[in-house]
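Visitor: Got a structure here, written out as structure tokens. Questions coming.
The values are calculated or read from the model by the stated rules, or taken from the named source; none is laboratory data. These numbers come from a predicted model, not from an experiment. Cβ placement follows ideal geometry from the backbone for every residue including glycine, while neighbour counts extend to all protein chains displayed. Please note that ligands, DNA and RNA were not included when accessible areas were found on the heavy atoms of the full protein model with its side chains. Shrake-Rupley method; radii C 1.70, N 1.55, O 1.52, S 1.80 Å.
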Amino acid sequence: MSLVVVAGTRPEAIKTAPILEWIDRLGLERVFVWSGQHYDYLMSEVFFRELALPEPDVNLDVKSGSHAEQTAKVMLKLEKVLEKESPALVLAEGDTNTTLAAALASVKAGVPFGHVEAGLRSWDMSMPEEINRIVADTIASACFAPTRLAVMNLLHGGVPLRRIWLTGNTIVDVVTKFEKRAEEVGQALIS
């Protein structure tokens with residue numbers, strides 16, 4: 001059985017890189033699905049190249065649309081991937097329409113969903129991202145919280161402790177990995 005890792009925006013590409021690297025290092029079978037929510041691949045390609053991200057195994061190519069349209073397109077197309085792959089777990093990170101759609105499609109297909117970056121809150125329900133976060137956390141089988149505060153937010157929101165893991169933040173992993181290189185590039189630009 002494989003893991004399905006879903007991303008679809010430039011920030012998700014950056015933050016998902018350590019997850020894919022970890023899965024590959026462990027030798028686990030995985031399918032990397034790119035939703036295409038940020039659909040200009042050329043604008044995303046630099047992140048794939050610089051972070052040594054693998055090419056997506058599946059590109060859902062959902063492109064633009066309203067929040068409902070994007071979410072529905074990802075759900076419809078991801079459902080077919082889940083039927084074909086029968087994964088043990090679906091992972092998605094963040095608070096985008098892609099994350100919400102991955103959570104909903106997974107749970108409706110009877111596949112456990114893992115939410116990376118779980119428990120982050122703005123407390124502003126006028127933000128679509130806040131709604132996406134709350135729904136994804138509520139229905140996730142596993143909530144991977146980046147901070148102790150995120151764990152507290154999950155507990156306060158009714159998520160049982162048995163579904164929460166304090167993991168740290170993947171963006172910190174990326175920054176740490178590329179810190180020296182960024183300093184070298186910065187010095188070269190100054191010189």
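Visitor: With +1 on each Lys and Arg Cβ and -1 on each Asp and Glu Cβ, and nothing else charged, work out how big the dipole of the stretch 1-99 is about its Cα centre, in Debye to the nearest 20. List each step's numbers first, then the result.
Guide: Numbers: 10 positive and 16 negative charges, 19 e Å.
Once rounded to the nearest 20, the dipole reads 100 debye.
Visitor: So what is the relative contact order of the stretch 39-191, in percent, for Cα pairs below 8 Å that sit 6 or more residues apart?
Guide: Working: 203 pairs, mean separation 23.1, N = 153.
Over the stretch 39-191, the number comes to 15 percent.
Visitor: How many angstrom lie between the C-alpha centres of the stretch 111-129 and the stretch 1-59?
Guide: 20
Visitor: I would also like to ask the following. At 1.4 Å probe size, with every protein chain present, just tell me what the per residue accessible area of the chain comes to in Å².
Guide: On the way: 10070 Å² over 191 residues.
About 53 Å² of surface per residue is accessible.
Visitor: Moving to a separate point now. Given Cα pairs under 8 Å that are at least 6 residues apart, what percent is the relative contact order of the stretch 1-121? Walk me through the intermediate numbers first.
Guide: Values: 214 pairs, mean separation 34.8, N = 121.
The normalised contact order for the stretch 1-121 reaches 29 percent.
Visitor: Which of [x] 14.8; [y] 11.6; [z] 10.7 is the computed mean projected area of the Cα convex hull in nm² for the structure on display?
Guide: [y]
Visitor: A further question follows. In nm, to one decimal, how far is the modelled label at Glu179 from the one at Ser122, with both set 7 Å along Cα→Cβ?
Guide: Result for the modelled spin labels: 2.9 nm.
Visitor: Tell me, what % of the accessible area of the chain is carbon and sulfur with a 1.4 angstrom probe? Could the numbers behind the result be given before it?
Guide: Details: 6050 of 10070 Å².
Carbon and sulfur atoms account for 60 percent of the accessible area of the chain.
Visitor: For the stretch 131-191, what does the relative contact order come out to in percent, with C-alpha contacts under 8 Å and a separation of six or more? Don't skip to the answer; put the middle values down first.
Guide: Working: 40 pairs, mean separation 18.9, N = 61.
So the answer I get is 31 percent.
Visitor: Then there is this: So what's the convex hull volume per residue for the Cα atoms of the stretch 21-81, in Å³?
Guide: Roughly 87 Å³ of hull volume per residue.
Visitor: I've got another one for you. Rank Val33, Ala145, Asn59 by how far each Cα sits towards the positive end of the charge dipole of the chain (+1 on Lys, Arg Cβ; -1 on Asp, Glu Cβ) and give me just the farthest.
Guide: Of the listed residues, the answer is Ala145.
Visitor: Using the beta-carbon distance between Glu79 and Trp22 and R0 = 30 Å, what value does 1/(1 + (r/R0)^6) give for FRET efficiency, to the nearest 0.05?
Guide: On the way: r = 26 Å, r/R0 = 0.88.
My answer for the efficiency is 0.70.
Visitor: Follow-up. With +1 on each Lys and Arg Cβ and -1 on each Asp and Glu Cβ, how big is the dipole of the stretch 29-152 about its Cα centre, in debye rounded to the nearest 20?
Guide: Numbers: 11 positive and 18 negative charges, 57 e Å.
In total the dipole reaches around 280 debye.
Visitor: Is the shape of the stretch 105-186 best called rounded, prolate or oblate, per the rule: a/c under 1.5 gives rounded, else a/b larger than b/c gives prolate, else oblate, with a ≥ b ≥ c the square roots of the Cα gyration tensor eigenvalues? Provide the component values of the computation, followed by the final result.
Guide: Details: a/c = 2.02, a/b = 1.84, b/c = 1.10.
Since a/c reaches 1.5 and a/b is larger than b/c, the shape of the stretch 105-186 is classed as prolate.
Visitor: Can you give the FRET efficiency for Leu155 and Ser2, using 1/(1 + (r/R0)^6), R0 = 22 Å, r = Cβ-Cβ distance, to the nearest 0.05? Write out the running numbers ahead of the final one.
Guide: Numbers: r = 31 Å, r/R0 = 1.41.
Given R0 = 22 Å and the Cβ-Cβ separation, E is 0.10.
Visitor: Rank Thr98, Leu3, Ser191 by how far each Cα sits towards the positive end of the charge dipole of the chain (+1 on Lys, Arg Cβ; -1 on Asp, Glu Cβ) and give me just the farthest.
Guide: Looking along the dipole axis, the top candidate is Leu3.
Visitor: Under 12 Å between alpha carbons, and skipping anything fewer than 8 positions from Lys63 in its own chain: which aspartates and glutamates qualify?
Guide: Asp40
Visitor: Using a 1.4 angstrom probe on the protein heavy atoms only, could you order Lys77, Lys15, Lys180 from most to least accessible area? Could the numbers behind the result be given before it?
Guide: Values: Lys77 85, Lys15 35, Lys180 140 Å².
In descending accessible area the options line up as Lys180, Lys77, Lys15.
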